[in-house]
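Data first, discussion second: the structure below is written as structure tokens.
The values are calculated or read from the model by the stated rules, or taken from the named source; none is laboratory data. Quantities reported herein were computed from a predicted structural model and do not represent experimental measurements. FYI the Cβ positions are ideal-geometry reconstructions off the backbone, even for glycines, and counts take in every protein chain you see.
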Amino acid sequence: MKKPNPTGTDDVRARLAGLSPSARHLLQATTALPSPFRPARLSALEVAQLVGLALTNQQIAGRLGRSPHTVNFHLRQIFRKLGVASRVELVLLLGRREATR
């Protein structure tokens, strides 16, 4: 009989294995380019990293020069791709990804 996993890593691994290629790409993406080389396109990883800093949509929008509605749209896309339902789940998933590096 398998022992329960208190850290939940089995659940995370199972979730990661079931992700779509685009979601895996998001998780494997490197950090944003330095600002002179940063494309005008908003990066999902950039939004996710700012969520990890416990910033509100309004604060993220201010940092990125976008509207809070645009940030909300990108967050919903990230949630859908990664199969998470909240900012907390997103931060936990990204934190576990960093811990395995």
Of the conditions (1) crowded, with 16+ Cβ neighbours inside 10 Å; (2) of a type outside the set (S, T, N, Q); (3) at pLDDT 85 or above; (4) in contact with a Lys or Arg (Cβ under 9 Å, 6 or more places away or on another chain), ALA61 clears all except one; give me its number.
(4)
Identify all residues within the range 52-87 that are of a type in the set (D, E, K, R) and either part of a helix (DSSP H, G or I) or at positive phi (or both); write none if there are none.
ARG63, ARG76, ARG80, LYS81, ARG87
